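Engineer: Let me give you the structure first, and then I'll get to my questions.
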Amino acid sequence: MVASIVAVAALLGAFMSSGLSFGLLTLTLLCYIGSRLAPKLKLLKKTETENFNPAPLYLVFIPGIVLVSQLMLAPHATNFSRNRAIAQSAELIGDIEAYHAAYGRYPNSLLALHKDYKPSVVGIEQFHYAPNGQAYNLFFEQPTFVTDLGIREIVMYNRLNEHVMVSHAAWILAGAPEELEARQGWHSSHDASIPHWKLFWFD
């Protein structure tokens with residue numbers, strides 16, 4: 001029972017913090033561990049009482065180790081996936097700038113059926129593009145790690161450092177554009193390790 005509670009906690013943490021893919025990976029790992037222990041559990045009924053069987057200890061400690069490992073490794077995995085997605089955006093940014101050089105303006109939209117520029121990172125679905133003044137915002141949503149449950153992180157590029165990320169589309173339509181800077185909705189922002197990229201944290 002204790003092992004089941006710990007395993008469910010680890011599984012829910014994986015689904016809520018790191019997305020479906022990492023959650024399925026955790027579920028697969030737990031299923032594999034369970035399948036390995038199942039034959040030993042069946043032998044418990046036949047085991048003499050004076051013989052020590054370590055299977056119950058495995059059921060208690062292995063899910064706990066999985067959860068602790070997830071807590072320790074998730075921040076490093078988050079930084080790695082964020083930096084990889086930023087690196088993957090180089091081709092898209094290059095093509096956008098090439099369009100500007102050819103036509104003297106940035107494209108109005110990149111809305112299309114097929115997303116030809118992919119982050120190629122587990123948990124990050126796509127890049128989003130929106131013109132903004134004399135430049136544009138290019139962003140993606142980064143899955144956060146277990147210790148930041150409920151936090152949504154937006155990673156955004158703007159070559160003029162005029163990033164604008166609003167939490168509600170209705171706010172864009174309700175007021176003047178200059179009001180958005182004071183009413184974006186995020187509770188904190190941070191400079192990324194790469195120039196012209198910023199992180200926005202929303203509740």
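Engineer: Tell me which residues, restricted to region 46-83, are basic (Lys, Arg) and either modelled with pLDDT of 95 or more or surrounded by 16 or more Cβ atoms within 10 Å (Cβ to Cβ) (or both).
Structural biologist: Arg82
The rows are residues; the columns are (1) polar (S, T, N, Q); (2) touching a helix residue (DSSP H, G or I) at 6+ places or on another chain (Cβ under 6 Å); (3) under 27 Å from Asn83 (Cβ atoms).
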| site | (1), (2), (3) |
| --- | --- |
| Ala102 | no, no, no |
| Ala112 | no, no, yes |
| Lys115 | no, no, yes |
| Tyr129 | no, no, yes |
| Phe140 | no, yes, yes |
| Arg159 | no, no, yes |
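Engineer: Consider region 115-158. How many of its residues are touching a residue at least 60 places away in the same chain (Cβ under 8 Å) and either surrounded by fewer than 14 Cβ atoms within 10 Å (Cβ to Cβ) or closer than 23 Å to Gly104 by Cα (or both)?
Structural biologist: 3
Engineer: On to the next question. Cβ-Cβ below 6 Å, separation at least six or inter-chain, first residue in region 56-67 and assigned by TED's automatic domain parsing to the domain that holds Thr26, second exposed (fewer than 14 other Cβ atoms within 10 Å of the Cβ): which pairs?
Structural biologist: What qualifies is Val60/Val2.
Engineer: Could you please let me know if Leu173 is part of a helix (DSSP H, G or I), more than 21 Å from His76 (Cα to Cα) and hydrophobic (A, V, I, L, M, F, W, C)?
Structural biologist: Against the criterion (part of a helix (DSSP H, G or I), more than 21 Å from His76 (Cα to Cα) and hydrophobic (A, V, I, L, M, F, W, C)), Leu173 qualifies.
Engineer: Is it the case that Ser193 is touching a residue at least 24 places away in the same chain (Cβ under 8 Å), loosely packed, with under 14 Cβ neighbours inside 10 Å and hydroxyl-bearing (Ser, Thr, Tyr)?
Structural biologist: Yes.
Engineer: Another question, then. Can you tell which of Met16, Met1 is touching a Leu at 6+ places or on another chain (Cβ under 8 Å), at pLDDT below 75 and not hydroxyl-bearing (Ser, Thr, Tyr)?
Structural biologist: Met16
Engineer: Then there's this: Exactly one of these conditions fails for Phe140: (1) within 22 Å of Lys115 (Cα to Cα); (2) in a loop (DSSP other than H, G, I, E, B). Give me its number.
Structural biologist: Here Phe140 clears every test but (2).
The values are calculated or read from the model by the stated rules, or taken from the named source; none is laboratory data. Note that the coordinates shown come from a computational prediction; the quantities given were computed from them, not determined experimentally. Note: ideal-geometry Cβ built from the backbone for every residue, glycine included; neighbour counts use all protein chains shown.
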